[in-house]
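Novice: Just passing along the structure, written as structure tokens.
We did not get these values from a lab; they are worked out from the coordinates using the rules stated. Quick caveat, the model's predicted, so the values are computed rather than measured. Note: ideal-geometry Cβ built from the backbone for every residue, glycine included; neighbour counts use all protein chains shown.
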There are 2 protein chains.
Amino acid sequence: MPRAGLTPDVVTREAAALVDEVGLESLTFAALASRVGVAVPSLYKHVPSIAALHRRLSALATEELGNALAAATEGRAGEDALRSVAAAYRSYALERPRLYPATQRVPLPDDAPHVAHADRVVGSVFAILRGYGIDGDDAVDAARVVRSSLHGFVDIERSGGFGLPRDIDASFARLVDSLHAALDGWTGGR
Amino acid sequence: MPRAGLTPDVVTREAAALVDEVGLESLTFAALASRVGVAVPSLYKHVPSIAALHRRLSALATEELGNALAAATEGRAGEDALRSVAAAYRSYALERPRLYPATQRVPLPDDAPHVAHADRVVGSVFAILRGYGIDGDDAVDAARVVRSSLHGFVDIERSGGFGLPRDIDASFARLVDSLHAALDGWTGGR
DNA sequence: GTCGGTTGGCTAATTGCATTAGCTTTTAGG
DNA sequence: CCTAAAAGCTAATGCAATTAGCCAACCGAC
């Protein structure tokens, strides 16, 4: 029986591609095994459980999002960075709408790679705030505002929740305008 | 065999209570049947499938959220309404963190009750905007900004995604401040 | 009160999924 | 080449969702 050339990373990437087709909730070891050409129990040689696979998918999605955001901040600061990061965030969610929710899983504390990817995502937001001169507790509050707005928008969008007849791109632009105004006029804590 | 007194609404409410304990993804007909005291196949007399039960849960959660928001707007306008609705939105999500995600499901078009509940939630947001004198396409954009911010914040919060040592209530207050500022200074479309 | 039809219980059976146990083959390193 | 580890496999187990069909409870009409 020749080796299928699987590794945990290969299995995870194939699983992500399958999620793009069927969604996270319909991901099964049966479908994945069929996809990579092995019997179902063989998957356990590479990934200990379906739950572990979901955690790996979260780490992968978070890494990809982090990469996209980091690239978006390069050579940019302040408003320019905000707009670039916001666009990258939404682009990622629209490219992989079924995988995107996996970015929201909080890493297990001992999963160093996943923790690092998550920190990187948040780090990109803090980089924006430095351009606005916001730091300390204010930076935490502001980062939460930015993350909430972006996550909220793309989550509702990908779920089809914006049903009224109004251009969604235009609404997103107004959201980012609002974020810029909020960060630009950010005042000390209360 | 005496009747257990079940109806589709009773089953749905019991399912919601079970979701509060175990989460949406761990809801099973087996656990629910045990909870209401009937055999598993008996549940099919009241709810046609697990998928249909999830849709009913979404309608119920959306109704509850709609009730909370409607109550929060009563006798209030503008900034007062915004703060009240924002608080009510977050309170609901914190009271039923495991059920809250069900509010995000888009209703099937022919599910009139669910559609009505969803419209009511959005209606409460539009009521706020009327107090700020925002209408037309601007109102759609602004409603999407408000919904995104609120949903995004509570979704990250309930998932444990705000890990940095900073009071979350304070961050939420800053989010609402930002929303108020955005709505207060809302200018015409672009 | 009785009867008939409908509703709501039940058990048995089926299919599919996640997982474990243990055997066999392939592969890598000494 | 040999050995141990890794990676395939089948069989088996337990659980979940669902269907089929039987029986009893219930309700409305007479």
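Novice: Can you list the copy-to-copy distances for A:Gly133, using a point 7 angstrom from Cα toward Cβ, in nanometres, shortest first?
Specialist: When each copy's label point is compared with this one, the spacings are 3.0 nm.
Novice: Additional query: Evaluate peptide B:149-158: per residue, the Cβ atoms of other protein chains within 10 Å of its Cβ; return the mean as an integer.
Specialist: Numbers: counts 10, 3, 9, 13, 7, 2, 7, 8, 2, 0.
Mean partner-chain Cβ count within 10 Å for B:149-158: 6.
Novice: Top mean-square fluctuation among A:Asp177, A:Asp138, A:Asp110, Gaussian network model of chain A, C-alpha springs under 10 Å?
Specialist: A:Asp110
Novice: Sort B:32-39, B:145-152, A:14-21, A:2-9 by packing, meaning the average of other beta carbons within 10 Å per residue, with the highest value first. Numbers along the way, then the final one.
Specialist: Details: B:32-39: 15.0, B:145-152: 25.2, A:14-21: 18.1, A:2-9: 10.2.
Answer by packing, highest mean first, reads B:145-152, A:14-21, B:32-39, A:2-9.
Novice: Once every DSSP H run of n ≥ 4 in chain A is given -39500 (n - 2.57) and the sum is divided by its residues, what mean residue ellipticity at 222 nm do you get, rounded to the nearest 500 deg cm²/dmol?
Specialist: Theoretical 222 nm ellipticity from helices: -22000 deg cm²/dmol.
Novice: Apply the Karplus curve 6.51 cos²θ - 1.76 cosθ + 1.60, θ = phi - 60°, to the phi angles in segment B:38-48 and return the couplings in whole Hz, x for Gly and Pro.
Specialist: So the J values, rounded to whole Hz, are 9, 7, 3, x, 5, 4, 5, 6, 10, 9, x.
Novice: Once you sort the root eigenvalues of the Cα gyration tensor of segment B:1-48 as a ≥ b ≥ c, which label holds: rounded (a/c under 1.5), prolate (a/b larger than b/c) or oblate (the other case)? Walk me through the numbers before you get to the answer.
Specialist: On the way: a/c = 1.89, a/b = 1.70, b/c = 1.11.
Taking the square roots of the gyration eigenvalues as a ≥ b ≥ c, segment B:1-48 is prolate.
Novice: By how many degrees, between 0 and 90 and to the nearest 10, does the Cα long axis of helix A:168-184 differ from the longest principal axis of chain A?
Specialist: 60
Novice: Right, another one. The protein assembly as shown: percent of C-alpha pairs farther apart than 29 Å?
Specialist: 47
Novice: How much FRET efficiency would the formula 1/(1 + (r/R0)^6) give for A:Lys45 and B:Asp80, where r is the Cβ-Cβ distance and R0 is 51 Å, rounded to 0.05?
Specialist: Numbers: r = 61 Å, r/R0 = 1.19.
Given R0 = 51 Å and the Cβ-Cβ separation, E is 0.25.
Novice: Next up: Once the Cα atoms of segment B:1-158 are picked out, what are the Rg and Dmax in Å?
Specialist: Answer for segment B:1-158, Rg first and Dmax second: 17.6, 61 Å.
Novice: Once you treat every alpha carbon in segment B:148-190 as an equal point and sum by Debye, what is log10 I(q)/I(0) at q = 0.21, 0.22, 0.28 Å⁻¹?
Specialist: -0.73, -0.77, -1.02
Novice: Here is a further query. Return one number: the angle in degrees, 0 to 90 and rounded to the nearest 10, between the long axis of the Cα atoms of helix A:8-22 and the longest principal axis of the Cα atoms of chain A.
Specialist: Once rounded, one gets 70 degrees.
Novice: Given the convex hull of the Cα atoms of segment B:128-177, what is a quarter of its surface area in nm²?
Specialist: Details: hull surface 15.2 nm².
Averaged projected hull area, Cα only: 3.8 nm².
Novice: Nearest to the axis that maps chain A onto chain B: list the chain A residue whose Cβ wins, with the distance in whole angstrom.
Specialist: A:Gly152, 1
Novice: Note the distances from A:Ser49 to each other copy's matching label point, with points 7 Å along the Cα-to-beta-carbon direction, in nm, sorted shortest first.
Specialist: 2.8
Novice: Measure of size requested: the Rg and Dmax of segment A:1-85, with Cα atoms as the atom set and Å as the unit; please supply both.
Specialist: 16.7, 57
Novice: Over all pairs of distinct alpha carbons, what does the Kirkwood formula give as the hydrodynamic radius of segment A:36-84, in Å?
Specialist: Numbers: mean 1/r = 0.0745 Å⁻¹.
It works out to 13.4 Å.
Novice: Classify segment A:79-158: rounded, prolate or oblate, from the alpha-carbon gyration tensor (a ≥ b ≥ c, eigenvalue square roots; a/c under 1.5 rounded; otherwise prolate if a/b is larger than b/c)? Intermediate results must be reported in sequence, preceding the final value.
Specialist: Working: a/c = 1.95, a/b = 1.16, b/c = 1.69.
It comes out oblate by the Cα gyration axes.
Novice: To one decimal in nm, how far is A:Pro165 from the same spot in the other copies, if labels go 7 Å from Cα toward Cβ? Please give the shortest first.
Specialist: For A:Pro165, the inter-copy label distances come out at 5.5 nm.
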